[in-house]
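First up is the structure itself, then whatever we jot down about it.
The values are calculated or read from the model by the stated rules, or taken from the named source; none is laboratory data. On a predicted model such as this, the values are computed, not experimentally measured, just so you know. As a convention, Cβ positions derive from the backbone with ideal geometry for all residues, glycine included, and neighbour counts pool all protein chains shown. Areas reflect the complete protein model, heavy atoms only, side chains present, ligands, DNA and RNA absent. Shrake-Rupley method; radii C 1.70, N 1.55, O 1.52, S 1.80 Å.
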Amino acid sequence: MGNFLRNVSRNKALLFMVLPGAIWFFFFSYLPLAGTIVAFKEYRVSRKGFWASIFNSEWVGWDNFKFLFSTEDAFVITRNTLLYNIAFIALGLVFSVLMAIILSELVSRKMSKIYQTGMFLPYFLSWVIVGYFVFSFLSMDRGLLNQMLGWFGMEPVQWYSDPKYWPYILVFVNLWKMVGYNSVVYLAAILGIDRSLYEAAMIDGANKWQQIRRITIPMLTPIITIMTLLAVGRIFYADFGLFYQVPRDSGTLYAVTNVIDTYVYRGLMTTGEIGMSAAAGLYQSVVGFTLVILANYVVRRIDKDSSLF
């Protein structure tokens, strides 16, 4: 106890700096955990307030989870959520690192800043705005792509009625929006690499590709590992705006655009089953937490310094 108090006294300033973040996490991350009890109840709203609604709702055990996965869509939404996120993680990593390396090699710092700003801008756009951008390209009557097809004498495509194009469209739109943000993270890591390593490599006759392969990529490995582990933790979460706003909630596209988040939203809007929605959220959180622990364990066995903990 004495050592603990001495450590607190010695690190008083640092602990005070951490306090705002700790308070934020307590109120917005840890305190709401009590609400997970809703996943095991048939939640019914009470006039006496939220807590009265929880305590007065009937216990149903695992029935909400059974209802969630007993539908015919359970396999489809789970498959779509996993496959899309795997594509986002893999392609996002490749293109983000590639763009960061390209930006780091630009001689003109001014042009580098301009390119960074242009790539970073889509990250701040809401999915509603992005959905309208996509619609301006894919609209049946006035879409730019259909007009271009008409110039070549080709028939217009009903983009919002044909599911086969949408896995590629969604992956492309996600990369367009997110790669700029992620590349800035890797660019910052590249700029922190000791330049003397590159100078020594140049003296030894290494070309640019050899410098990237032998210095840049190995030095980026820890941050790549951390970013990937964090992304794996959300592999069962889908970006609701991407899968709901961009396809414009087209029913004919549900086979390739319906994911866990959109399925729960539609179920909540049509049936009002709050317990089922809470069950889906708890399921996603538990699976994500488990995947992070397993992935971190594997990384720790391979390279202890690259693991999260």
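Which whole-number percent gives the relative contact order of the range 63-306, counting Cα pairs below 8 Å spaced six or more residues apart?
RCO, the range 63-306: 31 percent.
Taking the simple approach of a point 7 Å from Cα along Cα-to-Cβ for both THR290 and ASP305, what is their distance in nm?
Reported label-point gap for THR290 and ASP305 is 3.4 nm.
Under 25 Å between C-alpha atoms is the cut-off here; go through the chain and count lysine pairs that meet it, provided they're at least eight residues apart or on different chains.
6
At a 1.4 Å probe radius, which order do ILE114, ILE54, ILE223 fall into by accessible area, largest first?
Reading off the accessible areas and sorting them downward yields ILE114, ILE223, ILE54.
Hey, can you rank 152-164, 92-104 by average C-beta count inside 10 Å, highest first?
92-104, 152-164
Provide the per-residue ³J(HN,Hα) series for the range 135-143, in order, calculated from phi with Karplus coefficients 6.51, -1.76, 1.60 and θ = phi - 60°, each as a whole number of Hz, with x at glycine and proline positions.
4, 5, 8, 9, 4, 5, 8, 10, x
Leaving ligands, DNA and RNA out of it, report the carbon-plus-sulfur percent of the accessible area of the chain at a 1.4 Å probe.
68 percent
How many Å² of accessible area per residue for the range 186-309, probe 1.4 Å?
53 Å²
Let me cross-check PHE26: its accessible surface, 1.4 Å probe, with only protein heavy atoms counted, in Å² to the nearest 10?
100 Å²
How far, in nm, would the chain grow between TYR168 and ILE54 when pulled straight, counting 0.36 nm per residue and subtracting the alpha carbon separation?
36.8 nm
Quick one: which residues, 5+ away or cross-chain, put their amide H under 5 Å from the amide H of LYS41? H built at 1.01 Å from N.
Amide H to amide H, under 5 Å and 5 or more residues apart or across chains, LYS41 pairs with VAL60.
Mind checking the log10 I(q)/I(0) for the chain at q = 0.10, 0.14 Å⁻¹? Debye, one equal scatterer per Cα, no solvent, two decimals.
For the chain at q = 0.10, 0.14 Å⁻¹, log10 I(q)/I(0) is -0.81, -1.26.
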